[in-house]
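What follows draws every value from the coordinates through simple rules; no lab data is involved. Source: prediction; values computed, not measured.
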Amino acid sequence: MFDELLPTLPCETDAQVNLKASALNHRDLFITQGLYAGIKIPCVLGSDGAGEWNGQRVLIYPALEWGSSPNHQGKHFRVLGMPEHGTFAEQITIPKANIYAMPEHLSWEEGAALPLAGLTAWRTLMSRCQLQPGEKVFITGIGGGVALMAMQFALASGAEVWVSSGNAQKIEQAKALGAAGGVSYRESDWDKQLKQQSGSGFDVIIDSAGGDGFALFPGLCNPGARIGFYGGTLGKVNGLSLQPIFWKQISLLGSTMGSPTEFAEMLKFVEKHQIRPVVDCMFPLSQGNAAFDHMETGGQFGKIVLQNTL
Ligand SMILES: NC(=O)c1ccc[n+]([C@@H]2O[C@H](COP(=O)([O-])OP(=O)(O)OC[C@H]3O[C@@H](n4cnc5c(N)ncnc54)[C@H](OP(=O)(O)O)[C@@H]3O)[C@@H](O)[C@H]2O)c1
């Protein structure tokens, strides 16, 4: 059975990357819990990887076969790390087309923290919601890897950012990074508190939680606002009223990861603004299970990274 975990032989269009670090995404945890569509095991998980190839420091585009349309992925699109073997490994064989130069200012750990979260945040915020400088943005669940990247991109674009979290300390950490303020989504009147504190509505809302809290977003929106969402951790939305959505001309914009072109744009932006992804903590690859346990507690602020000791 473990033969299936051995890397396949590389062909000419492949590269063998010596991985230095990788990072967890919620997807990896969902797969171990059986909560992901089309699970095929055994498989090495992991979508994020930073490593060396041909003497260069590289990052891996965390998906395969985006397809030809910039508007949506094609039917052969796959996220790296199930069904194909992923980055929780010392080496990976990957198409050369997936390899990009790592921004020079990043450490291996910061580099590994960037690909999937950065790409998802970039497409949601920039391609889908078309964020403009000076706009006001609300990002939910700021402890999340994608949410934090979205905040860093929005701040670097000159937006004003407000956040929510289930943990008061994470709101303070977000403020230390530049957020204007935040509220606890655990309080039943969080939307009223947010309105009162921020003083006006929002032009862009970024969410991955879904659930009933989503139904409150239109009430927080300015006319012409965009609500971008890339996850639905809490499930279905009850009580969503359509009236404010059509009256305020609000756009609901679903988003998933992003194309290689968007990955390249995102890396350029990170380099230009010298953005450093927030790393919550690091575990040796050999202690991967402890890293999964840490993600399950939900205590993280930023990315959980696995280091390869080479
Ligand atoms: N479509 C895509 O391409 C794509 C890509 C990446 C992720 N996702 C999805 O997005 C979700 C988050 O993924 P991730 O990897 O960023 O996870 P993560 O780093 O583990 O973060 C999850 C975050 O969810 C937040 N959260 C929990 N309950 C919440 C609530 N009631 N209201 C608002 N936020 C809440 C938490 O925020 P606090 O810690 O601040 O409380 C937590 O930090 C998952 O469902 C994942 O599958 C989708």
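The range 16-51 and the range 230-296 have Cα centres spaced 16 Å apart. Relative to the longest principal axis of the Cα atoms of the chain, helix 145-156 runs at roughly 70 degrees.
Mind running the shape call on the range 11-78? Use the C-alpha gyration tensor, a ≥ b ≥ c as the square roots of the eigenvalues: rounded below 1.5 for a/c, prolate if a/b tops b/c, oblate otherwise. Because a/c hits 1.5 or more and a/b fails to exceed b/c, the range 11-78 counts as oblate.
Below 8 Å, C-alpha to C-alpha, sequence gap of six or more: please give me the relative contact order for the chain in percent.
Value for the chain: 20 percent.
The lysines whose alpha-carbon is closer than 30 Å to the alpha-carbon of LYS248, local same-chain residues fewer than 8 away aside, are LYS136, LYS175, LYS192, LYS195, LYS236.
Is the C-alpha gyration tensor of the range 223-293 telling us rounded, prolate or oblate? Criteria: a/c under 1.5 is rounded; beyond that, a/b larger than b/c is prolate, otherwise oblate.
The shape class here is oblate.
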